[in-house]
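Any read-out appearing in this document is the output of simple, stated calculations on the displayed coordinates, not a laboratory observation. Everything numeric in this text was worked out from a predicted model, so none of it was measured. Counting neighbours? That spans all protein chains shown, and the Cβs are built from the backbone with ideal geometry, glycine included.
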Amino acid sequence: MKKKRWIFAIIAVLIITASLAAYWMLYHKDNKKPAFQTETVKRRDIAAFVQATGVIRAKIGAEVKVGARISGRVERLYANIGDVVKKGQLIARLEQVDLQAKVDEAKMNLKTSEANLDLAQKTIKRTESLYAEELISRDKLDVAERDLKTAQAQVNQLRETIRFNETQMTYANIYAPISGVIASVTTQQGETVSASSLNVPTFVTIVDLNRLEVYAYVDETDIGKIKPGLEATFTVDSFPEKDFNGKVSAIYPKATIQDNVVYYITIITIENPEGKLKPDMTVNATILLNKRNNVLAVPNKAIKRESGKKVVIVLENNRPVQRAIRTGWKDSAYTEVIEGVKEGDMVVTGETVKKKEGF
């Protein structure tokens, strides 16, 4: 009897253990069901784009180095870094004492030469009269004609010297060739500069901040999508909260290689009415390729690949169902869906509890 009681006790324990195990498995099976993160399929505007880094440059002719065409001492310097100047504004003046002295000397010599010319003209008239009356030889007439030509040549030479020296004096006043901002000053008041045909000393550099452009480096895989006229936006590190606008104006045909990657320089024309943008600022540009309005779209993170096809997981009666889709355009967050889902569907974007097995 004692042995039978032990057998019944063992059987009872096994039954209770099996019941607890079955309950535990059933309970945890229900709790392994994942809590899905979902998003509703809606109609959105999809904008395709190409991103590129770049730098701001001054357009050709928008950055000018202004220097002296003659040698001399800088008498006055009217420009400082950051000053706004207008085209034709006086920005520096060289000492003109020596130049004025050369002009005055040439004018004095001209008076002497003009007197010699007047005498030579009177002499030639008398000589011609005497020669006509055969009172003198032809040689004397030739000498008189030569003296007249020499006197005329001296007068002409001095007049050109005066014109040259006066022109040199105008070079002593240095004017801004364009309107803009003084970007650099490379001389100082009182300094003596030496100019030659091979060396033109630079006084200041002027940049027109209204004539800037972006050099955007576009990867060779994207350059085929770019064409002039496309809209672009960009940001700079100095003003990260502000978006600036521009438009593609040209694409360099020759590639630029950086870190073994092939890029093509794409020129983006920009406006800078507030003067915030400066040359050599680093740019993060977004070139808008095109835009599709009011299309069905799903989040990019909801799209998976299965056997070479794009699929999404849609909740039907709170159960996940896989659907194959056909996609269109894509931007940074959403992808256009041409077929496979309808407006209002709930697509799975993630799970808070992962299942061991797939759907």
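Once the Cα-Cα distance is subtracted from the 0.36 nm per residue extended length, the Gln258 to Arg76 segment shows a gain of 61.0 nm. Here the contact order of the chain, divided by its residue count and restricted to Cα pairs under 8 Å and six or more residues apart, works out to 28 percent.
Here the dipole of the range 63-207 is about 360 debye; that uses its Cα centre as origin and unit charges on the Cβ of Lys and Arg (positive) and Asp and Glu (negative).
Please identify the trypsin sites (Lys or Arg not before Pro) of the range 56-155 that satisfy two criteria: DSSP loop assignment and at most 12 other Cβ atoms within 10 Å. Which are they? Answer in residue order: Lys86, Lys87.
Of interest is the spacing of the C-alpha centroids, which for the range 197-223 and the range 39-62 amounts to 22 Å. Other residues within the sphere of radius under 10 Å centred on the Cβ of Thr192, judged by their own Cβ, net out at -1 (K and R +1, D and E -1). In the neighborhood of Arg138, defined by Cβ-to-Cβ distances under 14 Å, what is the net charge if each Lys or Arg adds +1 and each Asp or Glu adds -1? Spelling it out: positives minus negatives among the neighbours equals -4.
Remark: the Phe164-Gln188 segment gains 5.9 nm on full extension, using 0.36 nm per residue and subtracting the alpha carbon distance. May I ask you to list the residues of the range 276-303 whose amide nitrogen lies under 14 Å from a point 7 Å from Cα along the Cα→beta-carbon direction of Glu39? So the set is 296-303. Between their Cα atoms, which of Lys87/Lys242; Lys242/Lys304; Lys59/Lys86; Lys225/Lys342 are more than 25 Å away from each other? Too far apart for the 25 Å limit: Lys87/Lys242; Lys242/Lys304; Lys225/Lys342. What whole number of Å gives the distance from the Cα centroid of the range 283-348 to the Cα centroid of the range 131-159? Going from one Cα centre to the other spans 101 Å. Over the chain, one equal point on each Cα, no solvent: what is log10 I(q)/I(0) by the Debye formula at q = 0.06, 0.08, 0.09, 0.13 Å⁻¹? Computed log10 I(q)/I(0) values: -0.57, -0.75, -0.82, -1.11. Screening the chain for DSSP H helices whose Cα atoms reach 27 Å or more along their own axis and whose mean Kyte hydropathy is at least -0.5 gives 2-31. Think of the range 63-207 as a dipole: +1 on every Lys or Arg Cβ, -1 on every Asp or Glu Cβ, centred on the Cα centre; then among Asn156, Thr112, Leu94, Leu94 lies furthest on the positive end.
Highest mean packing comes first when the peptides 254-261, 314-321, 287-294, 216-223 are listed by Cβ atoms within 10 Å, giving 216-223, 287-294, 314-321, 254-261.
Please report the net charge: other residues with Cβ closer than 11 Å to the Cβ of Ser249, K and R +1, D and E -1. Net local charge, Ser249 excluded: +2. With neighbour counts taken as other beta-carbon atoms within 10 Å, the residues Ser307, Ser332, Ser249 rank, fewest first, as Ser307, Ser332, Ser249.
About its Cα centre, what dipole magnitude does the chain give when the only charges are +1 on Lys and Arg Cβ and -1 on Asp and Glu Cβ, stated in debye to the nearest 20? Don't jump to the answer; show the numbers that get you there.
On the way: 54 positive and 44 negative charges, 740 e Å.
Around 3560 debye, computed over the chain.
Scanning residues 5 or more positions from Ile178 or on other chains, those with amide H under 5 Å from its amide H are Gly88, with H placed 1.01 Å from N in the peptide plane.
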